[in-house]
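Taking it in order: structure first as structure tokens, then the write-up.
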Amino acid sequence: MLIELEYNVISEVITKTLTRKFLGNEKVMGLNMAFYDPNEKNIDHKKVHVTKGLVFTPNNEVLHLEGPVTGEYISRLKMDEGLSNFRPPKNQQEALITICNLQNGKVFVARHDNNIIGYVTFHHPDEYSRWHNHPWVLELGAIEVTKSWRKYRVAYHLIKEAFSNSFVEEFIIITIEYCWHWDLRNSQLTIWDYQKMLTKLFASVDLKKRATDDPDILEHPANVLMVRHGNNVPKEAVQRFEELTFKSKYL
Ligand SMILES: CC(C)(COP(=O)(O)OP(=O)(O)OC[C@H]1O[C@@H](n2cnc3c(N)ncnc32)[C@H](O)[C@@H]1OP(=O)(O)O)[C@@H](O)C(=O)NCCC(=O)NCCS
């Protein structure tokens with residue numbers, strides 16, 4: 001079942017946040033929110049393509065936060081040219097479609113007109129990861145906002161939207177932040193300020209920094225593992241996660 005919220009109360013909070021950010025005639029956005037019931041296996045993209053919006057600007061720009069979306073839906077949209085942090089936009093669009101089709105793969109997008117201007121992805125850890133065979137672990141793989149929309153709190157609202165879905169309570173959600181993926185050049189942040197920016201962003205949805213002896217993460221002191229335990233994850237799964245996170249301790 002898809003629930004579209006009448007979100008007058010939420011919108012008041014968001015409006016305050018956004019009007020603080022978007023003073024004067026700067027770019028301003030409205031927000032749409034779709035909530036997904038994980039028991040519904042075949043998502044109809046038309047259902048998650050919500051139509052309500054809040055418009056905050058004289059120039060009527062509206063941003064939609066949607067998800068989890070289907071691969072078919074993503075294929076009908078255009079990737080903004082500035083979504084090139086990880087790979088060229090067209091290739092990244094294909095990667096997003098692939099993730100949508102994975103078991104438990106989920107993609108949330110920020111859409112402006114027909115353009116994807118931001119996304120966040122979830123999938124099981126890949127085969128090279130030490131958490132690969134842990135069925136309760138889901139990785140927040142990437143979050144990206146196109147360059148021209150950065151620092152408007154799009155990432156913040158998109159991630160909040162994703163974590164308002166009940167699937168997050170069914171998994172141990174991890175994110176592994178490798179500093180070599182960061183866009184230091186465009187952000188003009190130092191590596192440590194970038195790390196602080198990301199850990200604060202992820203902390204806003206209750207991911208917490210975790211120590212690990214994973215050699216890939218230890219390869220650079222700025223790399224970070226962050227973790228959130230869903231409420232419905234059994235104790236045994238948490239224990240297994242601990243064993244995998246500190247392998248040397250449990251050998
Ligand atoms: C990281 C990224 C997704 C942030 O997107 P964004 O929409 O610009 O982020 P937001 O506007 O929601 O900002 C979130 C917080 O970070 C801060 N922030 C973001 N970029 C910043 C910058 N360049 N300098 C200072 N602060 C910054 C914001 O001020 C905000 O802080 P607040 O909550 O105190 O207001 C974006 O920079 C990006 O796509 N980077 C390239 C890909 C990447 O590094 N992804 C993360 C690893 S997977």
Given H placed 1.01 Å from N in the peptide plane, which residues other than close sequence neighbours of residue 172 have an amide H under 5 Å from its amide H?
137, 138, 230
I need the peptides 65-71, 211-217, 96-102, 120-126 ranked by packing, meaning the mean over residues of other C-beta atoms within 10 angstrom, with the highest value on top.
65-71, 120-126, 96-102, 211-217
So, in nm, how far is label residue 246 from label residue 98 when the simple model puts each one 7 Å beyond its Cα toward the Cβ?
3.5 nm
Quick query: amide H of residue 141 versus all other amide H atoms, modeled in the peptide plane; which residues come in under 5 Å with a sequence gap of 5 or more or a different chain?
121, 122, 123
The distance between the Cα centres of the stretch 188-202 and the stretch 165-181, in whole Å, is 17 Å
Under the Karplus curve 6.51 cos²θ - 1.76 cosθ + 1.60, θ = phi - 60°, whole-Hz ³J(HN,Hα) for the stretch 197-204, x wherever Gly or Pro sits
4, 5, 5, 5, 4, 6, 5, 5
Normalised by the number of residues in the stretch 102-173, what is the relative contact order in percent for Cα pairs under 8 Å and 6+ residues apart?
29 percent
Apply the Karplus curve 6.51 cos²θ - 1.76 cosθ + 1.60, θ = phi - 60°, to the phi angles in the stretch 152-167 and return the couplings in whole Hz, x for Gly and Pro.
9, 6, 5, 4, 4, 6, 5, 5, 4, 4, 4, 7, 7, 8, 6, 4
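Work out how much length residue 180 to residue 166 would gain on full extension: take 0.36 nm times their residue separation and subtract the Cα-Cα distance, in nm to one decimal. Intermediate results must be reported in sequence, preceding the final value.
Values: separation 14, 0.36 × 14 = 5.04 nm, distance 3.16 nm.
Gain on stretching residue 180 to residue 166: 1.9 nm.
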Which whole-Hz couplings ³J(HN,Hα) result when phi for each residue of the stretch 126-140 is put into the Karplus expression 6.51 cos²θ - 1.76 cosθ + 1.60, θ = phi - 60°, listed in order with x for Gly and Pro?
6, 5, 8, 7, 5, 9, 3, 8, 8, x, 8, 9, 10, 9, 7
Filter 200/249; 78/160; 151/200; 208/247 down to the pairs with a C-alpha to C-alpha distance above 21 Å, please.
200/249; 78/160
Place a point 7 Å from Cα of residue 91 in the direction of its Cβ. Which residues in the stretch 108-129 have their backbone N less than 12 Å from it?
none
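Exposure proxy check: 144, 243 ranked by fewest other beta carbons within 10 Å?
Ranking 144, 243 by Cβ neighbours within 10 Å, fewest first, gives 243, 144.
Each reported figure results from applying straightforward, stated rules to the coordinates on display, with no laboratory input. Since the structure is predicted, the reported quantities are computational estimates derived from the model, not experimental observations. Please note: Cβ atoms are built from the backbone with ideal geometry, for glycine as well, and neighbour counts cover all protein chains shown.
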